[in-house]
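What follows is a short report on a single structure.
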Amino acid sequence: MLNQTGGTTHDTKPKPRNNASDLLAILRREIVEGRYGHNERLPAERELADRFTVARGTLREALRQLEEAGLVERRPGSGTYVSYIDEETPRAVVEATRPIDLVDARFALEPHICRLAVLQATVRDFDRAEAVLRRMETCGSDINTFAEADEAFHMMLAEITGNPMIKWMMTQVCKVRGHTQWAQVRGKTLNTEMIARYNREHRDILDAIRAREPELAAERMKTHLGEARMSLMRVTQA
């Protein structure tokens, strides 16, 4: 503004500083609204303190409260990471789901898919399933070809049920299987021996469905998923 002599004066009043409660509210809103996604690292403390014009102690108090609320996780020597998951955002759920979580979810879904497939499968469905099995059985040690055919087989069983909700749920399962962390684990668990074992289990499942034995088909699916779970556990505990 102008002073009495016509010159310009500078406003020397200090900028208002946020307190811990103000900062907590701002960061909470930004996290919940998606400015920072799940497992994303927040900016460094110095950067956040400068941005919000707060002392480092004030910032740390706000981060402490965010951690208590389950919105962030503070990792010593690494930084502060968002742990909040918007349950209504499928992408966030996909990114937060570990391979072992996925297998456990499949235990709740796929055995019953087999029971329903027994009731609904047609000759055409069995022909399609045979074609997918042949792709898996002739892939040798090609992990990518096996993985694609494996996913197609399990998705096809869901489609055979004719249930739109089940098909949607299996689509979400396939999205998780396409995530980077699943691809990394798959590379560690799949080899020629495991592919051959999974192929036998897939054929056993299809044979039980073809024989119209719902509980046998469900049990064989449980055996198959149990094998996959044990394989994952061996990798993660190594």
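The values are calculated or read from the model by the stated rules, or taken from the named source; none is laboratory data. Keep in mind that this is a model prediction, so the values were computed, not measured. No Cβ is skipped: glycine too gets one built from the backbone with ideal geometry, and neighbour counts run over all protein chains shown.
Checking 27, 63 one by one, the residue that is over 30 Å from residue 176 (Cα atoms), buried (at least 16 other Cβ atoms within 10 Å of the Cβ) and either at pLDDT 90 or above or among the acidic types (Asp, Glu) (or both) is 63 and no other. Within the span defined as segment 145-162, one or more residues are outside any helix (DSSP H, G or I) and either hydroxyl-bearing (Ser, Thr, Tyr) or at pLDDT 90 or above (or both).
Restricting the first member to segment 33-46 and to residues that are within 12 Å of residue 81 (Cβ to Cβ), and the second to residues that are among the charged types (D, E, K, R), the beta-carbon pairs closer than 6 Å and six or more apart or on different chains are 38/95.
Taking segment 153-164 as the range and being free of Cβ contacts under 8 Å to residues at least 24 places away in the same chain and under 19 Å from the mean Cα position of the chain (by Cα) as the test, only 155 passes.
Quick one: which of 93, 132 is surrounded by 15 or more Cβ atoms within 10 Å (Cβ to Cβ), modelled with pLDDT under 90 and assigned to a helix (DSSP H, G or I)? Criteria check complete, one pass: 93.
Among the candidates 141, 231, the residue that is over 18 Å from the mean Cα position of the chain (by Cα), farther than 18 Å from residue 115 by Cβ and not in a helix (DSSP H, G or I) is uniquely 141.
Yes/no matrix, rows are residues, columns are (1) at pLDDT 95 or above; (2) not hydroxyl-bearing (Ser, Thr, Tyr):
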site: 98; (1), (2): no, yes
site: 101; (1), (2): no, yes
site: 104; (1), (2): no, yes
site: 119; (1), (2): yes, yes
site: 141; (1), (2): no, no
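Could you grab me the full set of residues in segment 96-110 that are more than 28 Å from residue 37 (Cα to Cα) and buried (at least 21 other Cβ atoms within 10 Å of the Cβ)? Answer for segment 96-110, where residues must be more than 28 Å from residue 37 (Cα to Cα) and buried (at least 21 other Cβ atoms within 10 Å of the Cβ): just 110.
Please go through segment 22-70 and pick out each residue that is in a loop (DSSP other than H, G, I, E, B) and among the acidic types (Asp, Glu). First the steps, then the outcome.
To start, the set of residues in segment 22-70 that are in a loop (DSSP other than H, G, I, E, B) comprises 33-40, 42-44, 53-55, 69-70.
Hits for segment 22-70 are 33, 40.
Of all residues in segment 46-74, those that are over 25 Å from residue 96 (Cβ atoms) and charged (D, E, K, R) total 7.
Let's see how each residue does on (1) touching a Ser or Thr at 6+ places or on another chain (Cβ under 6 Å); (2) closer than 16 Å to residue 107 by Cβ; (3) not charged (D, E, K, R):
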residue	(1), (2), (3)
157	no, yes, yes
164	no, no, yes
168	no, no, yes
193	no, no, no
202	no, no, yes
212	no, no, no
217	no, yes, yes
235	yes, no, yes
